[in-house]
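None of the figures in this text is laboratory data; all of them are computed from the coordinates on show. Everything quoted here is computed from the prediction, not taken from an experiment. Neighbour counts run over all protein chains shown; Cβ positions are idealised from the backbone, glycine included.
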Amino acid sequence: MTGRLRLGVNIDHVATIRNARGGDHPDPARAARIAAAAGADGVTFHLREDRRHIRDEDLAAIAGAVSLPLNMEMAATEDMLAIALRHQPHAACLVPERRQERTTEGGLDAAGLHNEIAWIVRRLGEAGIRVSLFIEPDAKQIDAAKSLGAPVVELHTGAYCEAAAAGEKAKLERELEALRASAAYAAALGLEPHAGHGLTFDTVGPVAAIPELAELNIGHYLVGEAIFTGLEVAVREMRRRMDAARNLAPTGVAP
Ligand code: PXP
């Protein structure tokens, strides 16, 4: 797949800032509206078991604020399934979740948990919700996603971004190669590969250039940048860099 790469803007950390003081400000639904106006192709949020950022009442507010496809990141539990079925997001991304972690650390072990998650992949799919599995860029995990019948895999870019931040060049190249090989392998199996986690203005280019990738989901860095430049400017700049990595004009039209 080549051409325009979709950008899903993750608005979790707008809610993190709101929750630091209680109350309603800043409003994640307003962030979703601004992201849409700035060129986002979708809005992503993670309803965590501990509700540390996005809360249940945000889901309807976000859905009411934008007409973009919504991508709900969630743990593979009965409670989360019931919420997803009630709200019918366009997509559900199954992620591993541990209460103590600061953010999603590592991908879902789709291979090891195959029989424990098959039911929820099936139930979401039957409800018409596009299932994505957030996995490490690893052939074994991609094979498991294929055998589970998930149409989408989201490749974890965390190790690549950590290597970039630490200036570890050899590791960065290895991680980038794993992302490239995994995107190609997933696409060859008929899966739609996405990627995300930890991406920044500096790290997005080489990932966006991977031709098989259809979508990136980016949140924390954009919300951080929004403090300095505003969310609209931050999203537009991320879009520009994604388009540039694919030699597309900023409008998404090839020059
Ligand atoms: N994709 C998935 C599956 C995630 O869990 C997250 C973090 O919530 C992201 C993408 C976005 O990561 P970041 O906020 O670091 O850009």
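Annotations
- Over the chain: helical MRE at 222 nm, DSSP H runs n ≥ 4 each giving -39500 (n - 2.57), nearest 500: -14500 deg cm²/dmol
- Positive minus negative residues near Cys161 (Lys, Arg vs Asp, Glu; Cβ under 10 Å): -3
- Magnitude of the charge dipole for the chain, about its Cα centre and with charges confined to Cβ atoms of Lys, Arg (+1) and Asp, Glu (-1), is about 480 debye.
- Ordering 28-38, 224-234, 205-215 by mean Cβ neighbour count within 10 Å, with the highest value first, yields 28-38, 205-215, 224-234.
- In this simple spin-label model, placing a label point 7 Å from the Cα along the Cα-to-Cβ direction at both Asp56 and Ala127 gives a separation of 1.4 nm.
- Other residues with beta-carbon under 14 Å from the beta-carbon of Arg236 carry, at +1 per Lys or Arg and -1 per Asp or Glu, a net charge of -2.
- Packing-based order for 133-139, 113-119, using average beta carbon neighbours within 10 Å, highest first: 133-139, 113-119
- Projection of the Cα convex hull of the stretch 1-125, averaged over all directions and equal to a quarter of that hull's surface, yields 8.8 nm².
- Taking the charge dipole of the chain about its Cα centre, with +1 at Lys and Arg Cβ atoms and -1 at Asp and Glu Cβ atoms, the residue from Ala65, Ala186, Ala139 reaching farthest to the positive side is Ala65.
- With the biggest extent put first, the Cα atoms of the chain measure 45, 44, 35 Å across the principal axes.
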